[in-house]
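What follows is a short report on a single structure.
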Amino acid sequence: MKTSRWLLPFTFGVDMRSIEYAVRLAESAGATLVPVSLISAPPKGARLEHIQQSKDFLEAVQHKAERFQVPVERYEVFTTDVQQSITTLVHDTRCDGIVLVTSGGHTRLLQDEEVKRVLIAPPAALVLIRLSPPVGLTPALRFSARFLSWWRGLWGRQDAAQVQDEGAPDVEEPLWIRTEQHPLG
């Protein structure tokens, strides 16, 4: 039986919660995780903080993968075109899925524009993880979220984001996880 291989791309913002959920999902699916740090390399050279974030990301994934006994193959790539690099890496590393993570309406591990480009032209099946928003919203944010939810409901919009009550358990679960098959173009 063929083991699934999932590409976990990274360009910005080491988020331990997202990394842990990606590793745990790979564990439950029996998939090999292929974390790839894509470092923007303009003509003048890469910025030191991007290189450090890259190292931190790869070490964090390695640590979580060892903890959950998930096989990993780590890569660090200097690139001027993130989308093209993701497409190339999917084919070169024989990955059949790309893991994308969102939380609270924002993307994690990649910039919003990079995620949009992957969603528009996915080079492989997408493994989408949508995490609940971070716990601990201030009362003002909680009120505004409830107001917006009421307002969207009033106008017939579907399923506005729910805000956790203070009495809710501290266990965080992904709200949805789905894979999609796309023909390779």
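Gln53: open to solvent by 30 Å² or more (accessible area, probe 1.4 Å) and under 14 Å from Arg108 (Cβ atoms), yes or no? Judged against the criteria, Gln53 is a match. For the stretch 37-131, the strands (runs of 3 or more DSSP E) that sit wholly inside it and include 1 or more residues that are among the polar types (S, T, N, Q) are 75-79, 97-103, 106-108. All of Arg108, Arg24 fail the test of being of a type outside the set (Val, Ile, Thr), open to solvent by 60 Å² or more (accessible area, probe 1.4 Å) and within 23 Å of Ala121 (Cβ to Cβ), apart from Arg108. Checking each residue in the stretch 1-11 for being hydrophobic (A, V, I, L, M, F, W, C) and crowded, with 19+ Cβ neighbours inside 10 Å picks out Trp6, Leu7, Leu8, Phe10. When you go through (1) more than 16 Å from Ser40 (Cα to Cα); (2) modelled with pLDDT of 95 or more; (3) of a type in the set (Val, Ile, Thr) one by one for Ile129, which number turns out not to apply? So Ile129 meets the others, but not (2). Within the stretch 6-17, does at least one residue satisfy the condition of being of a type in the set (D, E, K, R), assigned to a helix (DSSP H, G or I) and over 16 Å from the mean Cα position of the chain (by Cα)? No, every residue in the stretch 6-17 fails to be of a type in the set (D, E, K, R), assigned to a helix (DSSP H, G or I) and over 16 Å from the mean Cα position of the chain (by Cα). Taken over the stretch 72-91, the residue count meeting the criterion of being in contact with a helix residue (DSSP H, G or I) (Cβ under 6 Å, 6 or more places away or on another chain) and among the polar types (S, T, N, Q) is 2.
The values are calculated or read from the model by the stated rules, or taken from the named source; none is laboratory data. As the structure is a prediction and not an experimental result, all values here were calculated from the model. Don't worry about glycine lacking a Cβ; one is built from the backbone with ideal geometry, like all the others, and counts go over all protein chains shown. We work out accessible area using only protein heavy atoms, side chains counted, and drop any ligands, DNA or RNA first. Shrake-Rupley method; radii C 1.70, N 1.55, O 1.52, S 1.80 Å.
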